[in-house]
1. Between Ala377 and Asp421, what is the FRET efficiency for a Förster distance of 30 Å, r being their Cβ-Cβ separation, to the nearest 0.05?
2. On full extension of the chain, what length is gained from Asp403 through Lys254, given 0.36 nm per residue of separation minus the C-alpha to C-alpha distance?
3. Which FRET efficiency, nearest 0.05, do Glu88 and Gln435 yield, Cβ-Cβ r, R0 30 Å?
4. On the accessible surface of the stretch 130-200, probed at 1.4 Å, how many percent belong to carbon and sulfur atoms?
5. Give me the distance in nm between label points sitting 7 Å out from Cα along the Cα-to-Cβ direction at Asp72 and Asp283, one decimal.
6. Taking 19 Å as the cut-off for C-alpha to C-alpha distance, list the pairs among Lys12/Lys144; Lys140/Lys179; Lys14/Lys193 that go past it.
7. For the stretch 6-76, report the translational diffusion coefficient in µm²/s to the nearest whole number, using Stokes-Einstein at 20 °C, 1.002 mPa s, and a Kirkwood Rh over Cα pairs.
8. In nm, give the distance between the simple-model label positions of Asp115 and Val23, each being 7 Å from the Cα along the Cα-to-Cβ direction.
Amino acid sequence: GSSPFDVSTCGKGKGCFLPNDCVPGATDNSCAFAFSFRPLDATSVEMELFVALDDDVKEDAFYVAVGFSDDDMMGDESTTECSRLLSETTASVKASYNYFSDEDKKTGVNNRRIDGEEANRPALFSSPKIKTVDGYAYCKYTQKIGGLGSMPMEYLTATTDTPFYFLLAKGTTTENGLKSHGRKGTAVSTMMKFSDTGSSASSISLVVVAMVTATASSFSLRSLIQPISYVLDASAVSEAAAAASPFDISTCGKGKGCFLPDACVPGAADNGCNLAYSYRPLDDVTVEMELYATMTLESELTEQSYWVAVAFSDDQNMGDETVTECSLLTSETKPSIKASYNFYDDEENKIAANNRRIDGEEKLRPQIFNTTTISAADGVIYCKFTQKIGGLGNVNKEFLVTDCKTPYYFLIAKGVTNNTDIAKHHHHQRAVSDQIKFGDTGSSSSVSIFIVALVTVGRMLF
């Protein structure tokens with residue numbers, strides 16, 4: 001049925017974060033979650049949270065939450081949740097906190113109750129309206145963001161002009177808390193303020209995250225994001241761009257498959273290309289690969305400390321998958337291609353993914369990889385190598401052993417290193433492909449080009 005979350009008022013005094021071109025309640029739009037905000041005065045903000053209920057997120061044990069973060073990574077931020085714990089008979093709006101299990105390394109993110117929060121709840125939240133009906137949950141409430149006195153730092157204390165990344169998440173609950181969500185249960189906004197609510201059609205505070213898949217030379221996009229389709233035109237891939245980067249996208253789909261997040265054209269001066277990955281089978285057991293990443297002040301990557309990696313996963317969540325990385329550890333003088341593994345700190349609940357070295361990997365490295373090029377210069381990291389994916393004998397399951405017909409989600413990411421490992425990356429430093437096989441390298445009728453497009457409407461229109 002229709003939802004009380006009204007998107008027609010977005011940008012008209014109400015700011016909205018709508019992941020995946022989300023129209024809550026629309027029958028033709030699979031809307032996972034949504035968030036809105038409307039300041040009532042300098043210290044109070046009216047908010048809405050929407051979540052679709054499904055086989056995993058049920059009416060009797062659900063949560064939808066928004067974290068208010070100073071970066072785009074989950075951890076060390078105040079959270080407002082609309083939830084029904086397994087021990088509760090009705091849902092309510094609550095304050096909680098996301099923390100790191102290892103504060104020094106910033107790893108292992110979990111959510112916790114705030115001591116004394118239940119007693120403080122009436123002072124924080126007012127006028128709650130919660131509905132769970134027709135396959136969705138809808139929560140509307142007013143939250144006090146200022147004038148709270150000497151509240152603990154876990155509570156949200158801000159002004160309407162404090163910039164945040166809004167981190168949306170959904171999932172199921174336990175008797176007394178929130179279960180960790182998978183990657184598909186999260187979304188991250190661009191940096192926004194509660195005052196970014198728009199006042200006219202020329203200033204709409206609407207953030208849309210869209211996943212687009214392109215095959216062959218034509219594709220269909222929602223009308224909202226059609227203006228980005230020019231990126232695939234031949235004219236957009238200029239000779240200057242090709243000359244500036246050794247990652248040649250003109251060969252994508254011609255025996256080489258490419259995963260190009262953010263409509264990426266490596267080397268194009270007018271295209272913010274953060275990450276790219278390509279694969280080209282040489283035979284049944286060997287694949288030539290390319291990894292590309294940019295170094296910026298924001299990303300913190302330098303020519304002395306960097307990594308860019310691809311994980312080969314059977315789902316879209318990071319954890320329990322083999323990884324190929326191109327990295328320079330701070331203890332190394334030369335970069336190299338390495339195999340590593342993403343694991344869960346809590347294997348049973350599939351939470352807190354981290355990366356580790358594989359025992360004996362350095363000795364096996366020459367059998368697995370043959371490096372062609374690794375360069376880190378002019379703000380760009382480029383790595384080209386061949387990887388043995390079969391015929392490796394009886395190796396540890398943490399190494400990639402597969403064939404060209406096995407489908408994977410390619411998870412690409414970048415970040416900085418320490419003496420022994422690759423450090424955790426930010427949300428904006430990663431991307432997830434559709435499910436792909438190494439054999440999907442394209443032909444004249446089927447070009448393997450996968451684009452993840454982030455489109456922002458607000459303060460700037462197309």
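1. On the way: r = 24 Å, r/R0 = 0.80.
Efficiency, from the Cβ-Cβ distance: 0.80.
2. Numbers: separation 149, 0.36 × 149 = 53.64 nm, distance 1.98 nm.
Result for the pair: 51.7 nm of gain on full extension.
3. Details: r = 38 Å, r/R0 = 1.25.
After rounding to 0.05, the efficiency reads 0.20.
4. Values: 1460 of 3010 Å².
Heavy-atom surface of the stretch 130-200 belonging to carbon and sulfur, 1.4 Å probe: 49 percent.
5. Those two pseudo-labels are separated by 4.2 nm.
6. Values: Lys12/Lys144 22 Å; Lys140/Lys179 22 Å; Lys14/Lys193 11 Å.
Distance filter (> 19 Å) returns Lys12/Lys144; Lys140/Lys179.
7. Values: Rh = 13.8 Å.
The estimated diffusion coefficient comes to 155 µm²/s.
8. That separation, rounded to one decimal, is 4.9 nm.
The values are calculated or read from the model by the stated rules, or taken from the named source; none is laboratory data. Here the structure is a predicted model, which is why all the values come from computation and not from measurement. For neighbour counting, all protein chains shown are included, and Cβ atoms are generated from backbone atoms with ideal geometry for every residue, glycine included. Surface accessibility is based on the protein's heavy atoms, side chains included, excluding ligands, DNA and RNA. Shrake-Rupley method; radii C 1.70, N 1.55, O 1.52, S 1.80 Å.
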